[in-house]
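Worksheet: the structure to be examined is printed underneath.
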Amino acid sequence: MSTRTAEALPQPESGTAGATHARCRFCRTPLETTFVDLGMSPLCESYVPRERLNAMEPFYPLHVWVCRCCFLVQLEEYVSPEHIFTEYAYFASYSESWLQHVRQYTDYVVERFGLGRDCRVVELASNDGYLLQYFVQKGIPVLGIEPAANVAAAAEKRNVPTRVAFFTASLARQLVAEGQDADLVIGNNVLAQVPDLNGFVEGIRVLLKPSGIVTTEFPHLVRLVAENQFDTIYHEHFSYFSFTTIVKVFANHGLTVFDVQELPTHGGSLRVYATRDTNHAHPVGDRVRELLDREARSGLTTLDYYRDFGKQVEETKRRLLAFLIQVKSEGKSIAGYGAPGKGNTLLNYCGIRTDFLDYTVDRNPYKQGKFLPGTRIPIHLPDRIAETRPDYVFILPWNFKDEIMSQMAFVRDWGAKFVVPIPTVTVHP
Ligand SMILES: [Zn+2]
């Protein structure tokens with residue numbers, strides 16, 4: 001099997017597509033305030049195989065709302081997760097810097113919370129076992145929950161026991177009944193991807209032992225706004241969290257956030273630590289109060305904070321296109337690097353096709369030989385860059401730009417420069 005392609009055309013869930021009826025997925029308040037409207041876009045992981053090049057593709061609105069009550073920034077569920085995640089092309093292990101990040105995390109939590117061979121660690125959306133493998137190496141029992149069967153199979157090969165399922169409150173109850181309750185629950189970059197946010201967080205509380213801890217990492221909305229990361233918006237990401245909002249969501253499900261760390265990953269993420277509100281072993285730390293204060297001071301609990309973002313995004317598009325038009329007018333060539341979901345939002349929103357980017361490359365064999373959704377830019381093996389010697393290498397996964405610029409440093413031999421589009425188009429000679 002290859003990655004999910006345009007053959008399986010997902011349909012909008014009936015009754016959810018009408019914006020006028022949409023309600024906040026956390027507090028059920030009607031959604032009325034636009035955060036940003038990126039127009040119509042295809043599903044960003046629906047890579048197009050050559051034999052489908054003459055077929056049409058479904059496009060869905062990328063219209064993001066903010067709830068006036070709880071300030072949860074969110075997309076409607078245009079497409080169900082079953083369509084998106086059951087056959088997935090993203091293998092976390094392809095990124096070396098991400099592996100290093102989670103190995104350090106493992107060392108840190110094992111030490112801080114004294115995890116040992118009598119404990120159980122459960123990861124939600126455990127992907128290909130990229131993280132749990134480090135707990136396995138320490139002899140700590142683990143269980144991965146991963147809905148994509150092809151990705152879960154890769155985890156099993158790493159000796160990471162993995163259940164192919166979507167995590168829900170009812171699965172959590174089933175796991176507890178089987179004696180699989182957890183000392184540590186990990187949810188990295190998954191909260192954004194669950195339409196039933198309340199059911200998911202409730203499931204976490206159920207799965208935790210009374211003394212258990214949950215850590216979750218997600219991109220910080222404050223950084224998305226401050227650094228213009230509009231391309232991290234796609235149909236697979238239903239929610240975009242500030243710390244203020246996540247604390248509220250967790251509290252509503254009997255979970256107390258007792259610590260938070262700000263991380264550089266994915267353009268700026270938060271790692272949140274929580275436990276059941278009945279567990280008093282972890283007093284709420286200063287970093288929690290400090291970040292809540294900082295968010296309140298920056299205006300995040302007022303609608304004005306969210307209303308200006310759209311204008312900022314339009315300005316970014318104009319600047320990027322002005323740069324690309326200039327470069328092409330000079331007769332220069334541009335190749336892409338990477339085929340990440342965020343690249344597809346950026347390219348579709350800006351209308352960048354092979355008129356600007358000759359092709360892109362990706363290390364993931366699932367994507368090689370296919371075409372980017374919507375823009376139909378071909379995806380080649382990374383070797384292609386050395387073969388064609390483009391004048392510019394346009395880095396789509398800008399969150400890995402340092403890693404990529406060091407791996408691809410050889411392009412400077414023929415005078416090529418790197419281009420990073422976010423927060424604003426920047427050339428790195
Ligand atoms: Zn709300």
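The values are calculated or read from the model by the stated rules, or taken from the named source; none is laboratory data. Remember, it's a predicted structure, so these values are computed and weren't measured experimentally. Cβ atoms come from the backbone with ideal geometry, glycine included; neighbour counts cover every protein chain shown.
Examine the stretch 201-218 for a residue that is modelled with pLDDT under 95 and aliphatic (A, V, I, L, M), and state whether such a residue exists. Within the stretch 201-218, not a single residue is modelled with pLDDT under 95 and aliphatic (A, V, I, L, M). Taking the stretch 26-49 as the range and being within 16 Å of the ligand (Cβ to nearest atom) and out of contact with any Asp or Glu (no Cβ under 9 Å at 6 or more places or on another chain) as the test, the residues that pass are F26, C27, R28, T29, P30, E32, T33, T34, F35. Note on the stretch 36-83: residues that are part of a loop (DSSP other than H, G, I, E, B), of a type in the set (F, W, Y) and over 23 Å from A148 (Cβ atoms) amount to 1.
This table checks each residue for (1) more than 22 Å from V361 (Cβ to Cβ); (2) at pLDDT 95 or above; (3) assigned to a helix (DSSP H, G or I).
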site: A296; (1), (2), (3): yes, yes, yes
site: G310; (1), (2), (3): yes, no, yes
site: E314; (1), (2), (3): yes, yes, yes
site: K317; (1), (2), (3): yes, yes, yes
site: L324; (1), (2), (3): no, yes, yes
site: V327; (1), (2), (3): no, yes, yes
site: K342; (1), (2), (3): no, no, yes
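Here is the figure for the stretch 220-247: residues that are assigned to a helix (DSSP H, G or I), more than 30 Å from D181 (Cβ to Cβ) and not aromatic (F, W, Y) total 8.
H280 meets all of the listed conditions (1) assigned to a loop (DSSP other than H, G, I, E, B); (2) on the phi < 0 side of the Ramachandran plot; (3) in contact (Cβ under 8 Å) with a residue 24 or more places away in the chain but one, namely (3).
Residues to consider are E202, E217; find the one that is touching a residue at least 40 places away in the same chain (Cβ under 8 Å), under 23 Å from the mean Cα position of the chain (by Cα) and part of a helix (DSSP H, G or I). Step through it out loud before you land on a result.
Details: E217 fails: part of a helix (DSSP H, G or I).
Sole residue among the options that is touching a residue at least 40 places away in the same chain (Cβ under 8 Å), under 23 Å from the mean Cα position of the chain (by Cα) and part of a helix (DSSP H, G or I): E202.
Is it the case that some residue within the stretch 75-91 is within 16 Å of the ligand (Cβ to nearest atom), under 30 Å from L303 (Cβ atoms) and buried (at least 21 other Cβ atoms within 10 Å of the Cβ)? Scanning the stretch 75-91 turns up at least one residue that is within 16 Å of the ligand (Cβ to nearest atom), under 30 Å from L303 (Cβ atoms) and buried (at least 21 other Cβ atoms within 10 Å of the Cβ).
Selection of the stretch 283-304 for residues being farther than 23 Å from V73 by Cβ and in contact (Cβ under 8 Å) with a residue 12 or more places away in the chain yields P283, V284, G285. Residues that are crowded, with 20+ Cβ neighbours inside 10 Å and under 18 Å from P42 (Cβ atoms) within the stretch 366-385 comprise Y366, K367, K370, F371, L372, P373, G374, T375, I377, P378, I379, listed in sequence order.
Table: residues versus (1) within 24 Å of A274 (Cβ to Cβ); (2) crowded, with 22+ Cβ neighbours inside 10 Å; (3) in contact with a Phe, Trp or Tyr (Cβ under 9 Å, 6 or more places away or on another chain).
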site	(1), (2), (3)
E123	yes, yes, yes
F135	yes, yes, no
N159	no, no, no
V190	yes, no, yes
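Taking the conditions exactly as written (modelled with pLDDT of 80 or more, buried (at least 16 other Cβ atoms within 10 Å of the Cβ) and within 16 Å of the ligand (Cβ to nearest atom)), does W98 satisfy them or not? When the stated conditions are applied, W98 does not pass them. When you scan the stretch 390-409, do you find a residue that is surrounded by 13 or more Cβ atoms within 10 Å (Cβ to Cβ), among the hydroxyl-bearing types (S, T, Y) and over 22 Å from the mean Cα position of the chain (by Cα), even just one? Yes, there is a match, as at least one residue in the stretch 390-409 is surrounded by 13 or more Cβ atoms within 10 Å (Cβ to Cβ), among the hydroxyl-bearing types (S, T, Y) and over 22 Å from the mean Cα position of the chain (by Cα).
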